Ligand SMILES: Cc1ncc(COP(=O)(O)O)c(C=O)c1O
C-alpha cells in the first residue's frame, strides 16, 4: 500500500548543504555583489532575502500552502507501459507537474511570487514568457492575489501558439508580443528586424523596463533566480518521499529538462541532498535542446539574464546574452543562460548536461503518450527522450526518475507537425 505524501511545509535550500557556496550575483555597474537595496526596485523583500538565504529550510507561508493544496502533492507515476515499450529492465518513475491548474510546474513559484508581492502592496507585475507556460501560471496566481499583470511573450511563440495567450487573457492579464513597440529595447530591435522571432532574454528586458518605469509595479521571473529554484523544491521533496513509499530506497538517476533550470533543480536538489548526506549515489542529467545548449556548449561565466543588461550579472552557463536560438517548439527551453544554482552544481560534479534534438524529443513524447496516455509538454519530452535512450541501454535494473514538468495539450499543433514530418517548417 503506497502511503499518501504530505505537501512539504518548507522549501529546501541546497546552499546550506553544498561544500562550496554559490558565487554571488554582481551589480551590473560596480561588479560588486548585489545588495538587497539594488534589487528592491524589482522584487519584494522576502524574495530578495530568499535570493541570498543560507538556512537549509524556509517555511512555506500558509496562503501558499493552501494554494498548493489544490494540486499538490503532484503524482509520482510508475511508467510500466513505457518501460515495456522500451524493453528496459529499469523501473521508471515520472514526477508529473501537469496536474497544476495551468498544466506545469511554473505555478509552484507563481503563487509564491504573487503572494509575496501582494503582502508588499504591489498592484501590478510584469513578466516574460516563452511558449506561455510561465505567463499563464503567473496570470493564474495574479488573479488569485488580485494583482494586475502584463506579459511579454516571445514573438515566435506569440505568432504560432495562440492558446496559452488565450489562457493568460482568460485569467485577466495582458499579453504583448516581444519585441514590442512599448519599450526602448523593443523599438530598437524592431527597427533592425521587424520579423525577429525574439528570445526570452529580450522579453525579460522589456518586462523589466516597464516595471522600473511604472509606480507600484514590480517584475517577476519564471526561472533562473535562486528564489525560483527554491520554490520548485516542493517537487523533489515529494518525489524522494513518494519513491520511498513505493518501496524504492533511492533513485539511481534523475532526468529533467533544463531551460532556465528551475524544474530540474526543484526535482533534483532534494535527491542531491541525499547524496550530500551520504545516503544515496543518485546522478542527475540536465537535458537541454540541441538548439540552445547552454550547459554542454556554453561558457561558465558572469553574464546578464537579459539582452539589454538590466539584470544583475549571474555566474552561469551561458551562450551569451544576445544569443537568439532557432525557434524550436519547446519555447520554454530557448534561454541563453542557466540557473546559477544549477550551474554551480554542474561545476561541483553533481549534475551533467546532455543535449537532445527536438525530433528525438517529439519521438519520445509520442511514444510516452501512446503508452502512458499523458502528452508531455515539448520541453519535458526532451527529458523523456534522454531517459529513454539511457533506459534502452541498460542490462541491469535501475531506478530512473523523470521530471515531467508539464502536459502538452496546448502544444498539439507541434505534435501534429511532428507527425506530418513538418517540424522545422512550423517551429
Ligand atoms: C513545461 C515546461 N518545462 C520546462 C520549462 C523550462 O523552464 P525551467 O528550466 O525553468 O524549468 C518550461 C518553461 O517555460 C516549461 O513550460
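Results, tabulated for the structure shown:
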quantity: Relative contact order (percent, whole number), segment 255-355, Cα cutoff 8 Å, 6+ residue spacing; calculated: 33 percent
quantity: Residue among 127, 352, 233 with the largest mean-square fluctuation in a Gaussian network model of the chain, springs linking Cα atoms under 10 Å; calculated: 352
quantity: Calculated P(r) tail over 21 Å for segment 128-219, as whole % of Cα pairs; calculated: 26 percent
quantity: Prolate/oblate/rounded label for segment 331-426 (Cα gyration tensor, a/c 1.5); calculated: oblate
quantity: Within segment 92-123, backbone nitrogen closer than 11 Å to the virtual label 7 Å beyond the Cα of residue 143 toward Cβ; calculated: 101-102
quantity: Cα gyration tensor category, rounded, prolate or oblate, for segment 68-187 with a/c compared to 1.5; calculated: oblate
quantity: Percent antiparallel among DSSP beta bridges (both partners in the chain, rounded to 5); calculated: 30 percent
quantity: Overall form of segment 1-103 per C-alpha gyration tensor (a/c, 1.5; a/b vs b/c); calculated: prolate
quantity: Ranked by how many other beta carbons lie within 10 Å on average, peptides 26-37, 239-250 from highest; calculated: 239-250, 26-37
quantity: The chain - convex hull of the alpha-carbon atoms, volume per residue in Å³; calculated: 124 Å³
quantity: Burial ordering of 57, 115, 300, fewest other beta-carbon atoms within 10 Å first; calculated: 57, 300, 115
quantity: Relative contact order (%) - criterion: Cα under 8 Å, at least six apart; region: the chain; calculated: 19 percent
quantity: For peptides 370-378, 105-113, sequence by mean Cβ density within 10 Å, most packed first; calculated: 105-113, 370-378
quantity: Percent RCO, i.e. relative contact order, over segment 191-348, from Cα pairs under 8 Å lying at least 6 residues apart; calculated: 26 percent
quantity: Order by protection proxy (mean Cβ within 10 Å, highest first), peptides 342-349, 118-125, 411-418; calculated: 342-349, 411-418, 118-125
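Here, each number is a calculation from the coordinates, and none is a lab measurement. On a predicted model such as this, the values are computed, not experimentally measured, just so you know. For neighbour counting, all protein chains shown are included, and Cβ atoms are generated from backbone atoms with ideal geometry for every residue, glycine included.
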